[in-house]
Amino acid sequence: MRRAYFDAEAFYGALDAQRASRSITWRQVSGESGVSASTLTRMAQGRRPDVDSLAALVTWSGLNADDFMRGGGALRQQPERLAMISSHLKADPNLTTEGATALDEIIKATYARLRKRE
């Protein structure tokens, strides 16, 4: 089975379309997104962005990174519900790190106690 990968070339093409639709330069994209101009230049040459640059560019552009995932077929699964809950708790700006961790532990313990047994 083929391994999943990120199509950086297609992502760069979509970024370029976003840039052009806003009538701005790549230097302006760099300034607005917080991604260095050298990273954008490397992407234009076919290199993949680092994960932080990818996150910044996805945020800036409104693109969905999942749309650029290729291959993998059956490997691609839905995320585990508890993993999603943990992720949402950790991202909640109304919770401290300790509060999110405490709630996460309570939910996981309760889930383990109440889930259906096969």
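Scanning the range 37-54 for residues that are outside any helix (DSSP H, G or I) and surrounded by 12 or more Cβ atoms within 10 Å (Cβ to Cβ) yields Arg47, Arg48, Pro49, Asp50. Assessment of the range 96-118 against the conditions (assigned to a loop (DSSP other than H, G, I, E, B) and modelled with pLDDT of 90 or more) yields at least one matching residue.
The values are calculated or read from the model by the stated rules, or taken from the named source; none is laboratory data. Given the structure is predicted, the values throughout are model-derived calculations rather than measurements. All Cβ positions, glycine included, derive from the backbone under ideal geometry; neighbour counts span all protein chains shown.
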